[in-house]
Amino acid sequence: MITVRVPLGDRSYDVLVGHGARTELPALLPSSVRRAALVTQAGIPIDIDPGVPFERFEIGDGEDHKTLATIEHLCRGFAEMGLTRNDVIVGVGGGMVTDVAGFAAATWHRGIPVVHVSTTLLGMVDAAIGGKTGVNLPAIDGIGGKNLVGAYWQPSGVICDLDALATLPPRELRCGRGEMAKYHFLTGDDLLAMAEPERVARCVQIKADVVASDEREGGRRALLNYGHTLAHALEIATDHSLAHGEAVGVGLVYAAHLAHRLGRIDEARVQRHYEVVGGAYELGTSLPPGLSAEHLVSLMGLDKKVLSDGLTFVLDGPRGVEVVPGVDPAAALAALSDMA
Ligand code: GLY
């Protein structure tokens, strides 16, 4: 078992990575906990015993269920159960489950403890770590977006049981590799050369370091959005037929083209993005057919990360990956044609 500490003062917590790590769940719960509400989905293939009496709450699968209506449904169940501040919510599943369970925990009784048991590669290396929780705001008249309603609410602990990865369909593993490819460009680490437990633990460590230095994304944490500005636009434009991690892969290659357009990196570095994303990490690198480039640029302008500062991207450059505000929409459009 590998333990990675997320150092956040009195809200510090451990992330346990290893085969069979779920058996450590009772030890991760705060000592005051009397009961647990397990928030999960149908078909999550691991059995969980929190070691205290518990009730199980299932939420729907897919972005359409990541809504305030789901939070209300959960809270009604917590009320019937009589869940108190001396209890705990345990999120068991992928990124959607831990985002929803975390937000429910942040708001139920104005905040109760939450522990995440992550069952997907993407959840283990990214979503379950760092305390970002939330739900989508479904679009009405084109206004709305992913994860627009949420809270920073750190878990009391996170379990990454690698047994769960053996049950994942290839597409789910591919999604996790999208976030790992991002870490490759942020650190230069050769993650694929590591054995699986070390690789997952190293990704957790990279994220823990960033979160510890900038918990609320005032600066450095924004680097974790490398590849994400186009990725979020692609998810919306394809109505989520392109999954998040797949979209991040395409978004990383796009960010390289845009950085090249802006004179920040040379052609060889763009090619390196193709080799890493498309070659080593075996992800798609092309835009899905039939999307309007103008529509994608307008969606990137609406991304919640850029509302305050025009078109802002996270881009590679001579000093490494950094936040670049004030990008000309014409360059963003031209970089989309460069990909074609
Ligand atoms: N997934 C990006 C972050 O947690 O900041």
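The values are calculated or read from the model by the stated rules, or taken from the named source; none is laboratory data. All values reported here derive from a predicted model rather than from experimental measurement. Heads up, the Cβs are rebuilt from the backbone with ideal geometry, glycines too, and the neighbour counts pull from every protein chain shown. We work out accessible area using only protein heavy atoms, side chains counted, and drop any ligands, DNA or RNA first. Shrake-Rupley method; radii C 1.70, N 1.55, O 1.52, S 1.80 Å.
Any residue at all in segment 96-104 that is farther than 30 Å from GLY145 by Cα, in contact with a strand residue (DSSP E or B) (Cβ under 8 Å, 6 or more places away or on another chain) and aromatic (Phe, Trp, Tyr)?
For segment 96-104, residues farther than 30 Å from GLY145 by Cα, in contact with a strand residue (DSSP E or B) (Cβ under 8 Å, 6 or more places away or on another chain) and aromatic (Phe, Trp, Tyr): absent.
I'm trying to understand the selection: among the residues of segment 202-222, which are open to solvent by less than 60 Å² (accessible area, probe 1.4 Å), touching a strand residue (DSSP E or B) at 6+ places or on another chain (Cβ under 7 Å), more than 9 Å from the ligand (Cβ to nearest atom) and under 21 Å from LEU191 (Cβ atoms)?
Once the filter is applied, which keeps residues that are open to solvent by less than 60 Å² (accessible area, probe 1.4 Å), touching a strand residue (DSSP E or B) at 6+ places or on another chain (Cβ under 7 Å), more than 9 Å from the ligand (Cβ to nearest atom) and under 21 Å from LEU191 (Cβ atoms), segment 202-222 yields VAL204, ALA208, ALA212.
Taking only segment 155-178 into account, find how many residues are more than 29 Å from PRO26 (Cα to Cα) and in contact with a helix residue (DSSP H, G or I) (Cβ under 9 Å, 6 or more places away or on another chain).
Number satisfying all stated conditions: 5.
Go through segment 119-153 and report how many residues are under 21 Å from GLU246 (Cα atoms), open to solvent by less than 50 Å² (accessible area, probe 1.4 Å) and either of a type in the set (D, E, K, R) or away from the ligand (no atom under 13 Å from the Cβ) (or both).
Number satisfying all stated conditions: 8.
List every residue pair whose Cβ atoms sit under 9 Å apart, with the two residues 6 or more apart in sequence or on different chains, where the first one lies in segment 223-237 and is open to solvent by 20 Å² or more (accessible area, probe 1.4 Å) and β-branched (Val, Ile, Thr) and the second, anywhere, is away from the ligand (no atom under 11 Å from the Cβ) and not in a helix (DSSP H, G or I).
Correct list of pairs: ILE236/ALA139; ILE236/GLY145; ILE236/LYS146.
I need a count of the residues in segment 35-63 that are without any contact (Cβ under 8 Å) to a residue 40 or more places away in the chain and more than 26 Å from ALA166 (Cβ to Cβ).
Qualifying residue count for the region: 3.
In segment 185-201, what count of residues is obtained for those that are in contact (Cβ under 8 Å) with a residue 40 or more places away in the chain and open to solvent by 30 Å² or more (accessible area, probe 1.4 Å)?
4
Does ILE71 satisfy the condition of being modelled with pLDDT of 95 or more, touching a Phe, Trp or Tyr at 6+ places or on another chain (Cβ under 8 Å) and either in a strand (DSSP E or B) or away from the ligand (no atom under 15 Å from the Cβ) (or both)?
Against the criterion (modelled with pLDDT of 95 or more, touching a Phe, Trp or Tyr at 6+ places or on another chain (Cβ under 8 Å) and either in a strand (DSSP E or B) or away from the ligand (no atom under 15 Å from the Cβ) (or both)), ILE71 qualifies.
Of the conditions (1) within 24 Å of ALA231 (Cα to Cα); (2) over 15 Å from the mean Cα position of the chain (by Cα), PHE78 satisfies every one except a single condition; which number is it?
(1)
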